[in-house]
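What follows is a set of notes on a single structure, which appears directly below.
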Amino acid sequence: MNRNFEKYAELLLKRCLNLNTPRPLLVTAPIKAIDFVEILTHKAYELGITDIYYDWSDENLKHEQLLHLSDENLLKSPFWSKEIWDEYAKKDAAFLMLYSDDIDLMSDVPEDKITLTANRSRSSRPLFKKRQRVDEVPWCIALVPTLGYAKKVFPNSADPVADAWDAIFKCCLVYEEDPIKAWDEKVKKIQKRCDILNDYQFKSLHYTNSLGTDLTIELPENHIWSGAGKGGLIVNMPSEEVFTSPKYDGINGIVYSARPLVYNGVLIENFSFTFENGRIIKVEAENGKEILENMISTDEGSNYLGEVALVDYDSPISNTNIIFYETLYDENASCHLAIGDSFPTCLLNGENMSAAELKEHGLNNSLVHTDFMVGNFDLKIVGTTKDNREILIFNNGNFVLD
């Protein structure tokens with residue numbers, strides 16, 4: 001098992017973050033994952049990295065703060081401030097975000113406090129967010145299972161943490177003899193799919209399925225489909241998606257969730273959004289409706305979409321038949337959309353445009369970027385080209401243009 005931890009650490013540092021030359025590194029991780037972080041640190045030192053900052057988190061301590069502190073004192077707490085991230089962004093650091101949410105722990109916390117602290121965390125690192133948005137700093141999000149998280153995913157297991165690590169290693173190709181080489185091969189396939197979509201330059205996509213989704217999404221002129229491997233990085237580990245940014249005011253219809261969403265530690269299930277001229281005009285949810293409504297009220301841009309991502313229903317992560325209760329994994333088992341911020345790099349020359357110029361070209365801007373899953377076994381997506389040809393892109397949940 002130790003060798004697999006080492007291979008996972010090497011994969012994150014050398015392939016995902018592309019740390020082939022030393023640079024500062026910021027690692028955020030749950031304190032309960034310290035054993036893995038020690039292995040990762042050793043690998044980082046082997047790569048010549050000497051400046052490492054650890055942004056530790058503890059779900060239980062956060063839970064106690066959320067229950068007992070006033071809003072004023074919560075905003076003063078260093079738990080929710082990420083100002084140090086801007087200091088490391090100034091140093092051109094790489095950012096490795098290791099996550100593991102204890103899904104049910106926050107169920108007794110008032111929803112307005114969840115929203116308050118989430119907004120505080122996002123707004124306290126504007127430089128990092130700005131540089132991340134245009135890929136000026138290397139970054140990667142990955143999963144490390146803690147006991148609370150693993151029990152949710154494997155409730156009947158005698159050793160849920162071991163089972164969670166096993167699932168992670170399978171999905172991340174860690175069991176391959178050379179995981180980095182295996183990911184190089186996967187990246188080639190993802191980039192081929194991006195090339196096909198970029199050649200079409202669809203002006204719109206139409207989504208339908210048996211859940212009730214009937215949604216039309218316009219795409220901006222000169223949009224770019226992207227995926228793992230762009231710029232030498234893999235920002236999500238694992239990654240199966242190809243994605244672009246939509247025309248923010250060109251979305252109409254209704255879309256239903258296909259998998260649960262965990263938002264700041266709270267589980268939200270069976271929800272839908274209705275769009276009119278890009279704006280969300282109605283939210284429905286079996287539970288968590290108020291959290292969703294608070295999320296889309298964060299700023300003007302949080303009422304619009306910022307990402308469109310395509311993932312086969314018949315994908316490696318989907319085929320595990322595991323609900324991971326972690327967006328990083330669940331979004332790579334299903335086509336998904338994201339509320340909020342868009343990607344300037346998904347528009348030709350977008351990384352050199354101002355926020356106003358990006359908006360003129362149809363891209364959204366927001367503090368929020370929240371992915372939710374919409375793909376199921378019978379999802380159909382039809383693309384319309386500039387000359388009004390209709391091209392079947394997805395059928396029965398899978399990409400058909402390969």
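Every number in this text was worked out from the coordinates using simple rules, so none of it is lab data. Here the structure is a predicted model, which is why all the values come from computation and not from measurement. Every residue, glycine among them, receives a Cβ derived from its backbone with ideal geometry; neighbour counts consider all protein chains shown.
Ser204's amide H: which non-local residues (gap 5+, or another chain) put their own amide H closer than 5 Å, with H modeled 1.01 Å from N in plane and none for Pro or chain starts?
Leu219, Thr384
Starting from the Cα of Asp58, move 7 Å in the Cα-to-Cβ direction to define the label point; list residues of the stretch 139-155 whose amide nitrogen is under 18 Å from there.
Residues 146-149 fall inside that zone.
If the chain between Leu348 and Asn2 were fully stretched, how many nm would it gain, using 0.36 nm times the residue separation less the Cα-Cα distance?
Fully extending the segment from Leu348 to Asn2 adds 120.2 nm.
What number comes out for the charge environment of Gly250, summing +1 per Lys or Arg and -1 per Asp or Glu over other residues with Cβ under 10 Å away?
Value of the local net charge: 0.
Could you size up the charge dipole of the stretch 1-98 around its Cα centre, putting +1 on the beta carbon of Lys and Arg and -1 on that of Asp and Glu, and report it in debye to the nearest 20?
460
From the phi angles alone, apply the Karplus equation (6.51, -1.76, 1.60; θ = phi - 60°) to the stretch 237-244 and give each ³J(HN,Hα) in whole Hz, x where the residue is Gly or Pro.
10, x, 9, 10, 8, 10, 8, 8
Give the lysines whose C-alpha is closer than 20 Å to that of Lys230, dropping any in the same chain fewer than 8 places away, or say none.
Output for Lys230: Lys14, Lys129, Lys130, Lys181, Lys186, Lys188, Lys189, Lys192.
Report the residue, chosen from Pro78, Pro316, Pro126, that carries the largest GNM mean-square fluctuation when the chain is represented by alpha-carbon nodes joined by springs under 10 Å.
Pro78
For the chain, modelled as a Gaussian network with Cα springs under 10 Å, which listed residue fluctuates most, Leu69, Leu305, Leu261?
Leu69
Counting Lys and Arg as +1 and Asp and Glu as -1, each charge on the Cβ, what is the dipole of the stretch 126-249 about the Cα centre in debye, to the nearest 20?
Magnitude of the dipole: close to 340 debye.
By residue number, which cysteines of the chain lack any other Cys whose Cβ falls under 4.7 Å from their Cβ?
Cys171, Cys172, Cys194, Cys335, Cys346 - these cysteines have no disulfide-compatible partner (Cβ-Cβ under 4.7 Å) in the chain.
Identify all aspartates and glutamates with a Cα-Cα distance to Lys152 below 12 Å; exclude those on the same chain that are fewer than 8 residues away in sequence.
Once the sequence-local aspartates and glutamates are set aside, what remains near Lys152 is Asp101, Asp102, Asp104, Asp163, Glu326.
Report, in deg cm²/dmol and to the nearest 500, the calculated mean residue ellipticity at 222 nm for the chain, where each DSSP H run with n ≥ 4 adds -39500 (n - 2.57) and the sum is divided by the residue count.
Per the formula, -9000 deg cm²/dmol.
With +1 on each Lys and Arg Cβ and -1 on each Asp and Glu Cβ, how big is the dipole of the chain about its Cα centre, in debye rounded to the nearest 20?
800
Percent antiparallel among DSSP beta bridges with both residues in the chain, to the nearest 5?
In the chain, DSSP labels about 75 percent of beta bridges as antiparallel.
Which of these values of Rg and Dmax of the Cα atoms in Å was calculated from the structure shown: (1) 32.3, 106; (2) 31.5, 98; (3) 20.2, 59?
It is the value labelled (3).
I need the GluC sites (Glu not before Pro) found in the stretch 192-299, filtered to DSSP loop residues with at most 15 other beta carbons within 10 Å of theirs.
Filter output for the stretch 192-299: Glu221.
Which aspartates and glutamates have a Cα lying under 20 Å from the Cα of Lys386, excluding residues fewer than 8 positions away in the same chain?
Within the straight-line cut-off, Lys386 pairs with Asp195, Asp199, Glu218, Glu221, Asp249, Glu360.
Skipping prolines and chain starts, which residues have an amide H placed within reach, meaning under 5 Å, of the one on Ile393, given they are 5 or more residues away or on another chain?
Ile381, Val382, Gly383
Between the alpha-carbon centers of the stretch 121-179 and the stretch 6-65, tell me the distance in whole angstrom.
For the stretch 121-179 versus the stretch 6-65, the Cα centre distance is 12 Å.
Taking the Cβ of each residue in Asp195, Asp101, Asp135 as the centre, tally the other Cβ atoms inside 10 Å and list the residues starting with the fewest.
Placing the least packed residue first, the sequence is Asp195, Asp135, Asp101.
Apply the Karplus curve 6.51 cos²θ - 1.76 cosθ + 1.60, θ = phi - 60°, to the phi angles in the stretch 179-196 and return the couplings in whole Hz, x for Gly and Pro.
x, 5, 5, 4, 6, 4, 5, 5, 4, 4, 5, 5, 5, 4, 5, 4, 4, 4
Find which of Ser57, Ile103, Ser354 sits farthest along the positive direction of the dipole of the chain, computed with +1 on the beta-carbon of Lys and Arg, -1 on that of Asp and Glu, about the Cα centre.
The residue sitting most towards the positive pole is Ser354.
List Ile217, Ile254 from most exposed to least, where exposure is judged by having the fewest other Cβ atoms within 10 Å.
Ile254, Ile217
Please give the FRET efficiency for Thr385 paired with Lys90, using the beta carbon to beta carbon distance and R0 = 56 Å, rounded to the nearest 0.05.
Rounded to the nearest 0.05, the efficiency is 0.80.
Given R₀ = 22 Å, FRET efficiency for Gln201-Ala356 by Cβ-Cβ distance, to 0.05?
0.35
Give me a comma-separated list of calculated 3J(HN,Hα) values for the stretch 96-107, in order, Karplus coefficients 6.51, -1.76, 1.60 applied at θ = phi - 60°, integers in Hz, x for any Gly or Pro.
Listing the rounded values in order: 10, 10, 9, 10, 6, 8, 7, 4, 8, 4, 8, 5 Hz.
Once amide H atoms are placed 1.01 Å from N in the peptide plane, what residues at a sequence separation of 5 or more from Tyr263, or on another chain, have their amide H within under 5 Å of its amide H?
Correct list: Ile268.
Glu300 to Leu401: extension gain in nm, 0.36 nm per residue of separation minus the Cα-Cα distance?
Additional length available on full extension: 32.8 nm.
Give me the net charge for the shell around Leu127: Cβ to Cβ below 14 angstrom, other residues only, Lys and Arg +1, Asp and Glu -1.
Cβ neighbours under 14 Å give a net charge of +4.
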